[in-house]
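Undergrad: Before we start, here is the structure in question, set down as structure tokens.
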Amino acid sequence: MVQKKIKDYIDSHGIKMSKIIRDTGIPQSTFSAIINGQRHLRADEFFAICKSLDVPPETFEPEESELVTS
């Protein structure tokens, strides 16, 4: 799950969520719901978070085992 990878990255790098909230303009309650898996992450939010963290989107690419297969 991308949200979990974002949360793990933030935690492991000691990044303050307030910085991401400020940079992205995503409300605190919305950001909290996103990273806790309680709300879907929209594409524009995802790219804004990546920009705030100064990482490419591929950083949070799902593992092959996480991909949905039909």
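Undergrad: Do you know which residues across the range 45-56 are closer than 16 Å to LYS7 by Cβ and loosely packed, with under 15 Cβ neighbours inside 10 Å?
TA: VAL55 - this is the single residue of the range 45-56 that is closer than 16 Å to LYS7 by Cβ and loosely packed, with under 15 Cβ neighbours inside 10 Å.
Undergrad: Let me ask you something else. Might you let me know whether the range 26-44 holds any residue that is among the β-branched types (Val, Ile, Thr) and exposed (fewer than 11 other Cβ atoms within 10 Å of the Cβ)?
TA: No, the range 26-44 contains no residue that is among the β-branched types (Val, Ile, Thr) and exposed (fewer than 11 other Cβ atoms within 10 Å of the Cβ).
Undergrad: Out of everything in the range 39-53 that is among the hydrophobic types (A, V, I, L, M, F, W, C) and touching a residue at least 12 places away in the same chain (Cβ under 8 Å), what residue ends up being farthest from SER18 (Cα to Cα)? Steps first, answer last, please.
TA: Narrowing the range 39-53 to residues among the hydrophobic types (A, V, I, L, M, F, W, C): 41, 43, 46-50, 53.
Next cut, touching a residue at least 12 places away in the same chain (Cβ under 8 Å) only: 41, 46, 48-49, 53.
Working: LEU41: 18, PHE46: 16, ALA48: 14, ILE49: 12, LEU53: 12 Å.
Restricting to residues being among the hydrophobic types (A, V, I, L, M, F, W, C) and touching a residue at least 12 places away in the same chain (Cβ under 8 Å), the top hit is LEU41.
Undergrad: Please find, among ASP11, ASP54, the residue that is among the acidic types (Asp, Glu), within 13 Å of the chain's Cα centre (by Cα) and at negative phi.
TA: The match here is ASP11.
Undergrad: Give ILE21, ILE15 a once-over and let me know the one that is open to solvent by 30 Å² or more (accessible area, probe 1.4 Å) and part of a loop (DSSP other than H, G, I, E, B).
TA: ILE15
The values are calculated or read from the model by the stated rules, or taken from the named source; none is laboratory data. As the structure is a prediction and not an experimental result, all values here were calculated from the model. For neighbour counting, all protein chains shown are included, and Cβ atoms are generated from backbone atoms with ideal geometry for every residue, glycine included. The accessibility values were calculated without ligands, DNA or RNA, using every heavy atom of the protein model including side chains. Shrake-Rupley method; radii C 1.70, N 1.55, O 1.52, S 1.80 Å.
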